[in-house]
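In what follows, a single structure is set out as structure tokens and then discussed.
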Amino acid sequence: MSWKKFLELKGSVVGRLALAYATASVLLTVAGLTVAYLFVASYALQEKDDDLTHLWKELGEISTDHGIARMEEEFIREASLRGTRKAVFAVLRGDGDMVSSSNLSAWTVLKTQRVRPLLENAPRFYTAYNEQRRSSARFIVAPLGDAKWIQIGLSLEDSESLLRRFIAVFLALGTVLSVAASVLGWLIARRALSGVRTVTAATTRMAGMHFSERVPIAGQGAEVDTLAASFNAMAARIETLMTEMRNTNDNIAHDLRSPIARIRAQAESAIVSPDASGETAAALGEIVDECDRLLEMINTMLDISEAEAGASRMTRETVDAAVIVRDGVEIFQPAADEKEIRFECRAPESLPFRGDRKKIQRLLANLLDNAVKYSPRGSSVEVTLSRDEGRLAISVRDSGPGISESDRARLFDRFYRGDASRSAPGNGLGLSLAKAIVVAHGGEIGVDSLPGSGSLFTVRLPID
């Protein structure tokens, strides 16, 4: 997994839930290990204390019944049976001096430690670390009678070895459980949020003007199903409003086209009338020009509506994109020459694809017209045609004033004109039509621009 993917996963809800599962698992494992360790350690220590108590009572009875000498023989024999490195016995006087003992070669801890005398007639337990053996031992100091007391020590090597194995097993088990919990948490979170991802994907598509998007209610939980139902209700309402608005706009456009055409015809007839004076003819000519602009605007609006609704007739055929690009540059060359703008066209000899020739020509014409219109005198316009990951890519880069971030967000909306374009002629429909044509072909259009650095429009269309 790349670092970028890891950061994306870490920042996602799924990643955070998986991390929460893993953290909880680790904490529970540590807590369980600590409790289990304390329990086992306490149990092992209690066993040693019971064993020490049993030895003390047994040796005390021998001392009482057969004397101290017989008891010393018994504890030396007991030390030999248990192993001199695992058990030690010593008889001490009331001042703590040692009277007799078993083999102390493995018990330097007794030589360096001064045992405190008992303050009351009761046994005392303690644990001491034996540097020579690199392990601990458990001791009992208990009264023996006749102003003496006995000290018995048993090694804790076996218990410590058991505890080390216990910790190793629990750490391995804890690691496995933590990894399993992380994977399980990731799967559960991914499953729980699959419905949310579906709604997110539908929302993204709807943001791209696909208002017919709906989310299937697949029983993924009450919360997700409620979210899906609410989204579907919202999408249906938006689709209805957009449809009604577009129908209203289209109806208005249709209704306006006929009277405007009649006004134009009447004005055109009046111009050629012998009664029309010079000023009247000029005014009538302006009326004809304005009627033409209104009719062009109305027709463009209807073309956009048809393309967005999928109702426009698409004549898909195999055409050569390289020819369309070179022809488009040639058509706009005179307009570029008037502003001393250089066209730089880079296109292969041939690049065939399936599409509607006339609509692609109109799309390219809108982009070239804008590039020439907004580029300053003496600058250049770059037009590039290439194949990009199995798709057709047409790029038009101008030398204009650039587009601000706020304007880029609404650049393809109908009638929208940014601050830099308000003084230039146009109606704000060219890019809307371009996007509608691109979407109708199953492609995408984007712009990369910063104020003062020109703009780069890129169209990507499927080749087949």
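The values are calculated or read from the model by the stated rules, or taken from the named source; none is laboratory data. All values reported here derive from a predicted model rather than from experimental measurement. Here Cβ is always computed from backbone atoms with ideal geometry, including for glycine, and neighbour counts include all displayed protein chains. The accessibility values were calculated without ligands, DNA or RNA, using every heavy atom of the protein model including side chains. Shrake-Rupley method; radii C 1.70, N 1.55, O 1.52, S 1.80 Å.
The table that follows gives values for the structure above.
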quantity: Sites D337 and S269 - FRET efficiency at Förster radius 35 Å, r taken between beta-carbons, to 0.05; calculated: 0.40
quantity: Length added when fully stretched, R262-A122, from 0.36 nm per residue minus Cα-Cα; calculated: 38.1 nm
quantity: Surrounding net charge for V372, when Lys and Arg each add one and Asp and Glu each subtract one, Cβ distance under 14 Å; calculated: -3
quantity: Flagged links, alpha-carbon separation over 18 Å, of K57/K148; K359/K435; K339/K435; calculated: K339/K435
quantity: Two-site FRET efficiency, T108 against S80, from Cβ-Cβ distance with R₀ of 25 Å, rounded to 0.05; calculated: 0.80
quantity: Local electrostatic count, R326, Cβ distance below 13 Å [Lys/Arg +1, Asp/Glu -1]; calculated: -4
quantity: Distance between modelled label sites at R387 and S453, nm, 7 Å Cα→Cβ extension; calculated: 3.1 nm
quantity: Where M71, M297 fall by accessible area, highest first, once all protein chains stay in place (1.4 Å); calculated: M297, M71
quantity: Cβ-Cβ FRET estimate between M98 and T175, R0 fixed at 60 Å, reported to 0.05; calculated: 0.80
quantity: Summed residue charge, Cβ within 13 Å of I68's Cβ, Lys/Arg positive, Asp/Glu negative; calculated: -3
quantity: Phi to ³J(HN,Hα) by Karplus 6.51 cos²θ - 1.76 cosθ + 1.60 over the range 365-379, Hz, x for Gly, Pro; calculated: 4, 4, 5, 5, 4, 5, 4, 5, 4, 9, 7, x, 4, x, 8
quantity: Accessible area (Å², 1.4 Å probe, nearest 10) - W107; calculated: 0 Å²
quantity: Dipole-positive endmost among G378, I360, G402 within the range 346-408 (Cβ charges, Cα centre); calculated: I360
